[in-house]
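Take a look at the structure below.
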């Protein structure tokens, strides 16, 4: 069991397969298969626009910061969502 305490997962990289699909593989596998590395991620999930709906994490963080009662898990109550929308109207 002590060996598991020292386990280090392999380094992963984004690579381009011959068919054009981007995948996450170990750095060693990308090197051995001569896959070209992708320097810019294709996924732009972190680049959200202001018109995107808020994530539950956004709403919960706002609720906690403003003192609005909101459960840590599960569905966010309508009253909390409405308060969030009211506070973020432009």
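Data table
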item: Contour minus Cα-Cα distance for residue 6 and residue 55 (0.36 nm per residue); result: 14.1 nm
item: Spin-label pair residue 32/residue 64, simplified geometry with 7 Å Cα→Cβ offset, distance in nm; result: 4.1 nm
item: Pairwise label distance in nanometres, residue 88 with residue 76, each label 7 Å out on the Cα-Cβ vector; result: 0.6 nm
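Values quoted throughout were computed directly from the atomic coordinates according to the rules given, and no laboratory measurement underlies them. Since the structure is predicted, the reported quantities are computational estimates derived from the model, not experimental observations. Virtual Cβ from ideal backbone geometry, glycine too; neighbours counted across all protein chains shown.
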